[in-house]
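The structure appears below as structure tokens.
The values are calculated or read from the model by the stated rules, or taken from the named source; none is laboratory data. In this text, all values refer to a predicted model and were calculated from it rather than measured experimentally. A quick note on method: Cβ atoms are made from the backbone with ideal geometry, for glycine too, and the neighbour counts reach across all protein chains shown.
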Amino acid sequence: MATLEIRDLHVSVEAENGPREILRGVDLTVKQGETHAIMGPNGSGKSTLAYSLAGHPKYTVTSGSVLLDGENVLDMTVDERARAGVFLAMQYPVEVPGVSVSNFLRTAATAVRGEAPKLRLWVKEVKEAMAALHMDPAFAERNVNEGFSGGEKKRHEILQLELLKPKIAILDETDSGLDVDALRQVSEGINRVASSGEVGTLLVTHYTRILKYIKPDYVHVFSAGRIVESGGAELADKLENEGYASYVKGGASE
Amino acid sequence: MADVNNSTGSTTAGSIEVGTSGAGEKLAGPGTGRASVQQPIDARVTVKPSYDVNDFPVPTGREEDWRFTPLHRLAGLHDGTAAANASGVDKVELGLPDGVTAEQVGRDDDRLGKAGKPVDRVAAQAYSSFEQALVVTVPKETVLTEPVKIDVHGEGGTRFAHVVIDVKPFAEAVVVINHTGTGTRAANVELLVGDGAKLTFVSVQDWDRDAVHIAQQTALVGRDASLKSVVVTFGGDVVRIHPRVTYAAPGGEADLFGLYFADAGQHLEHRLVIDHDTPHCRSNVVYKGALQGKDAHAVWVGDVLIRAAAEGTDTYEHNRNLVLTDGARVDSIPNLEIETGEIVGAGHASATGRFDDEQLFYLQARGIPAEEARRLVVRGFFAELVQQIGVAEIQDHLLEKIEAELEANV
């Protein structure tokens, strides 16, 4: 069973006056089949955790370790991490002009699976996944994220999640900017993937809204660059009622 | 990729000037009701077109039409020193389908100089200095199924060339001139597209890294004729291609497509002039370029003039650049001058985008290795343009060339 182990992770970014530490000792274990919600106020470092795990060059790991089934993730390039089974659904997916969605998806699937999917099966697979996410088939011929609405971008991210079948899925604020219908449909997609039991999900979110649709096994509160409290789904109810005030006072909230 | 019109390392300027109908130069030539054929006067060039090199002062680099060109790398093409020792040799191979003739003629042949005069000093130098011209003729109503091939392999030295492609009325032809090898070259190419004729003219600059090549490609498009010009520049140290289009009679169409790939240190310049002095003609320009490496420099200048007489004109020009690495520079300047409002449409667009770290991260985060990510983006960028060329053999060749550029340099 795939396991992602994050131990005492410290991460800095370059700021105007030298490096600034954002993650200050994160410990977390995510196993295949589990869903963890990482919740915290703005600036608490939860998106930094997401991007650091994917290997974004802006973030420097200063100490700690990240292991996926014992393999050192931090030694891998960005694409190696993806091929090892780490997937990051981004909050702000970038436009890639000139590259169609269908071409992009097939290239990514070929890279992640290690061989080109059989064309006929692939076309069917993409078509079904798109239909399940209520996406227009014409979408496949558009350029990646070019002119996509907020909802289309998020559906496209979850479409990739469904097709690439990672071991660990990190979903960075996938709920932001979605109306109620889109939120429900995107959440259904995440649940479909999770229900396979093949993926460990790390759901990074500011709001409890998405937790009406996705039931986490664990909820972690993030503040000032580390996990300050962990619990079950009931912790989300507490956050819903009380907000983050009790976690941020007295603590730096960078 | 965000389109940035004025990012670091690139400039984009554009202007649309609308003059009063009938203002400015007296117009002459077919379609204007005046008898004499007069040369177009460019929006931004002050020296009158001429066959004589001495009519042009030696450029200093401050002139509008020379300000982007690195004159010190032209091996003297611009100041007469190259002409003093023009002993370079080209190996030329012709592939002529049945019915097509090719002749070497002297400078007094009356088929020369019909499309238009040289408009700058180097083009005039080429006209003043060439020894024999190549005249390729596609006879009236001859529809070719195979392309005419002109393979020019430069074997060093300085050489001046003159080529006339004469496509007679209602003929249809694809002509491909392919430049390889090295040397210092200046040339004029005349494209005569007869009434109702169709010409696809492809000029490929696939030179060795140290070549210098400056060419004016002047087209005269006949009544209801259509020209498709495809300029592809990959190789050379300094390459400056100047396609020009004028219309001999109404109903003419011109599509000008261009594709370039500038690597470290290369200067690739494309300047276009389309002179709409005749009613009911159409033009469409699409040039796309990619750049990679330190001091890779691409220049694109597109001048479109719509004269007072050119009612019913429909024109659009479009330049896009994709900057793949730091250190490259693009200058992209569309310019549209309109003297009549009685037109179908006129417009231009220019955009220079970067393949940036965020795009790379996004593609890599989906398992795609960095090199493949770059290729995916570049292929996508050029694919749409390549498809518009409409000649399968050339399209395949171009895609292969683009792949080779990427293999070699990314």
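Some notes on this structure:
- Yes/no for B:Leu336 being at pLDDT 90 or above and either in contact with a helix residue (DSSP H, G or I) (Cβ under 7 Å, 6 or more places away or on another chain) or in a loop (DSSP other than H, G, I, E, B) (or both): no
- Selection status of B:Ala365, farther than 27 Å from B:Gly265 by Cβ and not polar (S, T, N, Q): yes
- Candidate set: the stretch A:108-137, residues that are more than 14 Å from chain B (Cβ to nearest Cβ) and acidic (Asp, Glu); chosen: the one nearest to A:Gly151 (Cα to Cα): A:Asp136
Results for (1) crowded, with 21+ Cβ neighbours inside 10 Å; (2) among the aromatic types (Phe, Trp, Tyr); (3) under 19 Å from A:Val86 (Cβ atoms), shown as yes or no for each residue.
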position	(1), (2), (3)
B:Gly353	yes, no, no
B:Gln364	yes, no, yes
B:Ile368	yes, no, yes
B:Asp396	no, no, no
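- Here the strands (runs of 3 or more DSSP E) wholly within the stretch A:141-223 that include at least 3 residues being away from chain B (no Cβ under 14 Å) and touching a residue at least 12 places away in the same chain (Cβ under 8 Å) are A:200-205, A:218-223.
- Close pairs from the stretch A:41-54: first away from every other protein chain (no Cβ under 14 Å) and under 11 Å from A:Arg226 (Cβ atoms), partner in a helix (DSSP H, G or I) and not aliphatic (A, V, I, L, M), Cβ under 9 Å, at least 6 apart: A:Ser44/A:Tyr247
- Candidates B:Val221, B:Val230, B:Val212 - the one that is in contact with a Phe, Trp or Tyr (Cβ under 9 Å, 6 or more places away or on another chain) and either among the aromatic types (Phe, Trp, Tyr) or within 28 Å of B:Arg73 (Cα to Cα) (or both): B:Val230
- Close pairs from the stretch A:59-84: first within 14 Å of chain B (Cβ to nearest Cβ) and closer than 21 Å to A:Glu21 by Cβ, partner charged (D, E, K, R) and surrounded by fewer than 18 Cβ atoms within 10 Å (Cβ to Cβ), Cβ under 9 Å, at least 6 apart: A:Val73/A:Glu80
- Filtered residue count, the stretch B:360-371, keeping only those that are within 7 Å of chain A (Cβ to nearest Cβ) and under 25 Å from B:Thr233 (Cβ atoms): 0
- Restricting the stretch B:313-333 to residues that are of a type in the set (Asp, Glu) and assigned to a strand (DSSP E or B) leaves a set whose member that is farthest from A:Pro97 (Cα to Cα) is B:Asp314.
- Per-region count, the stretch A:1-33, residues out of contact with any helix residue (DSSP H, G or I) (no Cβ under 9 Å at 6 or more places or on another chain), within 18 Å of A:Ala84 (Cβ to Cβ) and either surrounded by 24 or more Cβ atoms within 10 Å (Cβ to Cβ) or modelled with pLDDT of 95 or more (or both): 7
- Tally of residues being within 19 Å of B:Gly196 (Cα to Cα) and either crowded, with 17+ Cβ neighbours inside 10 Å or touching a helix residue (DSSP H, G or I) at 6+ places or on another chain (Cβ under 9 Å) (or both) across the stretch B:110-139: 4
- Some residue of the stretch B:189-197 being part of a strand (DSSP E or B) and within 17 Å of B:Asp98 (Cα to Cα): no
- Residue-level check: of (1) in contact with a strand residue (DSSP E or B) (Cβ under 6 Å, 6 or more places away or on another chain); (2) at the interface with another protein chain (Cβ under 9 Å from one of its Cβ atoms), B:Val391 misses just (2).
- As a summary of the residue check, B:Glu407 satisfies the conditions (1) under 25 Å from B:Val202 (Cα atoms); (2) surrounded by 18 or more Cβ atoms within 10 Å (Cβ to Cβ); (3) away from every other protein chain (no Cβ under 12 Å) except for the one numbered (2).
- Test: residue in the stretch B:140-147 that is buried (at least 22 other Cβ atoms within 10 Å of the Cβ) and modelled with pLDDT of 95 or more: no
- Unique residue being over 16 Å from the mean Cα position of the chain (by Cα), hydrophobic (A, V, I, L, M, F, W, C), in a strand (DSSP E or B) and on the phi < 0 side of the Ramachandran plot when the list is B:Phe160, B:Phe201: B:Phe160
Residue by residue, here is whether (1) under 30 Å from A:Glu146 (Cα atoms); (2) touching a Leu at 6+ places or on another chain (Cβ under 7 Å) holds:
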site	(1), (2)
A:Arg7	no, no
A:Asp27	no, no
A:Ala37	yes, yes
A:Thr48	yes, yes
A:His56	yes, no
A:Ala82	yes, no
A:Phe104	yes, no
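- Residue within the stretch B:125-143 that is within 19 Å of the chain's Cα centre (by Cα) and closer than 22 Å to B:Asp110 by Cβ present: yes
A quick yes/no check of all residues on (1) under 29 Å from B:Asp224 (Cα atoms); (2) free of Cβ contacts under 8 Å to residues at least 60 places away in the same chain:
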site: B:Ala298; (1), (2): no, yes
site: B:Gly302; (1), (2): yes, yes
site: B:Ile306; (1), (2): yes, yes
site: B:Asp314; (1), (2): yes, yes
site: B:Asp326; (1), (2): no, no
site: B:Ile333; (1), (2): no, no
site: B:His348; (1), (2): yes, no
site: B:Tyr362; (1), (2): no, yes
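- B:Glu400 meets all of the listed conditions (1) among the acidic types (Asp, Glu); (2) under 21 Å from B:Thr233 (Cβ atoms); (3) within 12 Å of chain A (Cβ to nearest Cβ) but one, namely (3).
- In the stretch B:372-382, the residues that are aliphatic (A, V, I, L, M) and either over 26 Å from B:Val285 (Cβ atoms) or more than 7 Å from chain A (Cβ to nearest Cβ) (or both): B:Ala373, B:Leu376, B:Val378
- Test: B:Thr352 is more than 21 Å from A:Ser100 (Cβ to Cβ), among the polar types (S, T, N, Q), within 14 Å of another protein chain (Cβ to nearest Cβ) and within 21 Å of the chain's Cα centre (by Cα): yes
- Evaluation of B:Leu406 against (1) in contact with a helix residue (DSSP H, G or I) (Cβ under 6 Å, 6 or more places away or on another chain); (2) assigned to a helix (DSSP H, G or I); (3) within 24 Å of A:Tyr51 (Cα to Cα) (one fails), failing number: (3)
- Of the residues in the stretch B:292-299, not one is outside any strand (DSSP E or B) and closer than 20 Å to B:Ala249 by Cα.
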